[in-house]
Amino acid sequence: MTTASFEVKAYPEMWAELEMDVARFDKARQMLGEIYGKMFLGQSARPRAMAYFDTMISEIFGARIQEMRAAKQEGRPVVGTFCVYVPEEIVVAAGGICVGLCGGSQGSVPDAEKILPRNICPMVKSAYGFKAGRICPYFQVVDFVYGETTCDAKKKTWELLDRLVPTHVMEIPQMKNPRDRALWLAEVKDFKAKVEEVCKKRVSVDDLARAIGVINAKRRALQRLTALRAATPAPISGKDALLVEQIAFYDEPVRFAAQVNGLCDELEERVAAGKGVGPAGAPRVMVSGTPMALPNWKVHNLLETAGAVVVNEESCIGTRYFKDLIAEDATTLDDQLAALTDRYMQIDCSCFTPNNERVDQVLKEYRDSGAQGILHYSLQFCHTYNIEEIKIREACEREGIPYLAIESDYSPEDVGQLQTRIEAFLEQIRE
Ligand code: SF4
Ligand code: SF4
């Protein structure tokens, strides 16, 4: 595929069956294809194995939706989620499909702003707008969605989203004391009961063991990709690695893990041959903070266009999603759910207080990735990440790490200003 020939494939008949706003969505499809072609296919020295992930974008509104519809016909439900806290192992154990619904596009924000306040996080507005405007086939195909109580914008939006699609909510604890773990274990059990009710299937020990194995394998493949990016020169661009991390939220997990491992095989050869991407001596940057949902490639594109290479994402669409695995040695359902709970309690989202382990994790990933500077990224109006940024900044000052904090949304309005700040940041690293 070349920049000129790339397109996101159109499936207007299927979209009409899904009761979408087909005319409007088709324009968004074309725009996505143009942006993707320019941003991704024009990169030099791309790994050959990225061809699979290009196809996943080309078929993002087609073949993958067809697979989900086929699963529904077999009685397997499709569950939409918004947060890495929702335990996808339980959905997979029940035979269902889990798909991340976080919105990363400015295109659906005006639909949300017809009802939601303007001054809330763009991820929440984008996701809500996709459903309100009927411009996302994933939202149209899910049987129900699971939200959570991580932040105020999300938890209040679920009440409104429930009017458009059945929306259940998990209560996420805000601290990590024993009673918070007990609450979370109870929520996990309720989630399992709800999924079983919808799937009309009891999850057995074997079902859950198999699902834990499948999702652990997916997370291990992503860990392997992250470790390979520590090489100098970096064997893959940050944009391509971010894309793989984004596709993890909607691809079939077994196939996805095999493709990521295939990519890693190729990257190992590159590392052995000293072959990499980006200009020689490119500043190596780690990005930390709020998730970048598809198609939010804004900051990575600015950094890499300015000559840097991004080598790590400390984010929920990044290492926070895959750094921890579930122990696989439990032999009873109770023990499996306890192991699952323990793994999910390790997630260091800024919605927790205190959350000092995230500061330690950022410094660890900085060292492990061979980065030379940290860019902290907060979505606009995300209070928890914006405030926690102060502690990350202080840690970077203590450690002498070049540091830049930005707060942004999905609009192109601040691109010029961000470009200037990013260029100054890269100069600081080069000095
Ligand atoms: S940043 Fe927090 S709220 Fe957002 S997906 Fe991650 S864990 Fe969930
Ligand atoms: S980025 Fe922050 S404000 Fe936005 S949904 Fe996540 S936790 Fe909420």
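Quick look at the values:
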quantity: Under Karplus coefficients 6.51, -1.76 and 1.60, residue-wise ³J(HN,Hα) of the stretch 257-264 in Hz, glycine/proline x; calculated: 4, 4, 5, 5, 5, x, 4, 5
quantity: In nm, spacing of pseudo-spin labels at S204 and T305 (7 Å Cα→C-beta vector); calculated: 5.5
quantity: Long-range amide H partners of M20 with built H, under 5 Å; calculated: none
quantity: Value of relative contact order over the chain, rounded to a whole percent, pairs C-alpha under 8 Å and six or more apart; calculated: 16
quantity: Contact order relative to length of the stretch 150-295, as percent, for alpha carbon pairs under 8 angstrom and 6 or more apart; calculated: 20
quantity: Cα-based equivalent ellipsoid, the stretch 328-428: semi-axes from gyration tensor eigenvalues, Å; calculated: 33, 17, 13
quantity: Computed over the chain, the ratio Rg/Rh where both radii use C-alpha atoms and Rh is Kirkwood; calculated: 0.94
quantity: More than 16 Å apart - percent of Cα-Cα pairs taken over the stretch 31-94; calculated: 63
quantity: Largest to smallest principal axis extent of the C-alpha atoms in the stretch 166-232, angstrom; calculated: 48, 32, 26
quantity: Simple Cβ-charge dipole of the chain, Lys/Arg +1 and Asp/Glu -1, about Cα centre, in debye nearest 20; calculated: 300
quantity: Karplus (6.51, -1.76, 1.60) ³J(HN,Hα), θ = phi - 60°, over the stretch 417-431, in Hz, Gly and Pro reported as x; calculated: 5, 5, 4, 4, 5, 5, 5, 5, 5, 5, 4, 4, 5, 5, 5
quantity: Distant alpha-carbon pairs in the stretch 202-245 (separation over 13 angstrom), percent; calculated: 62
quantity: Amide hydrogen neighbours beyond the local backbone of D409, cut-off 5 Å, H modeled; calculated: Q380
quantity: Cα centroid of the stretch 180-243 to Cα centroid of the stretch 329-370, whole Å; calculated: 12
quantity: Long-range HN-HN contacts of T81 with modeled amide H, under 5 Å; calculated: V99, G100, L101, Y146
quantity: Whole-Hz ³J(HN,Hα) from phi, Karplus 6.51 cos²θ - 1.76 cosθ + 1.60, for the stretch 360-365, glycine and proline x; calculated: 4, 5, 4, 5, 4, 5
quantity: Loop-resident sites, the stretch 70-161, for trypsin sites (Lys or Arg not before Pro), counting at most 12 other Cβ within 10 Å (DSSP); calculated: K114, R118
quantity: Spin-label model distance (nm) - K155 vs Q428, 7 Å beyond Cα toward Cβ; calculated: 3.5
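All of the numbers you see were taken from the coordinates with simple rules; none came from a lab. What you see is a predicted model; the values in this text were computed from it and never measured. Here Cβ is always computed from backbone atoms with ideal geometry, including for glycine, and neighbour counts include all displayed protein chains.
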